[in-house]
Amino acid sequence: MKVYFCGSIRGGRDDVHVYRRIVHALQSYGTVLTEHVSSAELSDRGQRSHTENSYAHMNKGENNAASGDQAIHNRDLDWLRQSDVVVAEVTQPSLGVGYELGRAVDMKKKIFCLFRPSSGRILSAMIRGATDVKNFVVRDYSEDEVEKVLEQFFCSLKN
Ligand SMILES: O=c1[nH]c(=O)n([C@H]2C[C@H](O)[C@@H](COP(=O)(O)O)O2)cc1CO
């Protein structure tokens with residue numbers, strides 16, 4: 001099973017610790033194509049947070065030069081096409097995540113969105129309201145429920 005995980009990068013990295021927990025749990029169900037989204041080394045500038053030498057080791061896809069952005073976009077859409085399921089943490093608003101979800105709907109992917117009401121945010125109606133889209137599920141959860149809600153979702157795929 002190939003899993004495409006979506007989480008905010010340039011939209012803000014406040015929830016990266018939650019992304020790590022989700023990706024860790026997802027790895028027991030299959031291959032996570034976008035593991036880098038959960039990397040603490042990626043800053044909200046889409047770059048590793050350290051300066052100088054780290055640029056030499058930077059994963060080419062995650063720099064913010066224009067050509068780098070095109071490579072990131074094209075690589076991620078390739079991964080999205082390959083994926084069997086899309087899991088998105090949507091608490092931290094992110095243009096990129098919203099775009100990925102829209103493209104995934106168009107590709108008729110199975111989509112599972114996770115939102116934490118404890119954040120005090122109100123989820124976009126374009127995500128919460130997509131209830132008539134087939135295979136598009138939005139689940140409210142708290143951080144300590146990550147493993148449980150993912151287990152429920154992957155079990156539901158078997159039925
Ligand atoms: O460097 C990147 N690498 C990358 O894979 N993405 C993808 C994966 C994430 O699910 C999503 C985050 O979008 P944004 O950066 O607009 O928050 O876009 C986004 C960026 C930066 O926009």
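Between the range 1-50 and the range 74-138, how many Å separate their Cα centres? Going from one Cα centre to the other spans 14 Å.
For the chain, the longest principal axis of the C-alpha atoms and the axis of helix 66-82 are separated by about 30°. Rg of the Cα atoms in the range 2-158, relative to 2.2 N^0.38 Å, amounts to 1.01.
For the chain, the longest principal axis of the Cα atoms and the long axis of helix 95-106 meet at an angle of about 50 degrees.
When peptides 24-34, 116-126, 78-88 are sorted by average Cβ neighbour count within 10 Å, with the highest value leading, the order is 78-88, 24-34, 116-126. If you take every DSSP beta bridge fully contained in the range 2-158, what fraction is antiparallel? Give it as a percent rounded to 5. Taking every DSSP beta bridge within the range 2-158, about 5 percent pair in antiparallel fashion. The count of lysine pairs in the range 2-158 that are at least 8 places apart or cross chains, and whose C-alpha atoms lie under 23 Å apart, stands at 18.
Axis angle, to the nearest 10 degrees, between helix 146-158 and the longest C-alpha principal axis of the chain: 60 degrees. Dividing the helix sum by the residues of the chain, where each DSSP H run of 4 or more adds -39500 (n - 2.57), gives a mean residue ellipticity at 222 nm of -11500 deg cm²/dmol.
Read the figures in this text as sums done on the coordinates, not as results from a lab. Because the structure is a prediction, the values reported are computed rather than measured. Don't worry about glycine lacking a Cβ; one is built from the backbone with ideal geometry, like all the others, and counts go over all protein chains shown.
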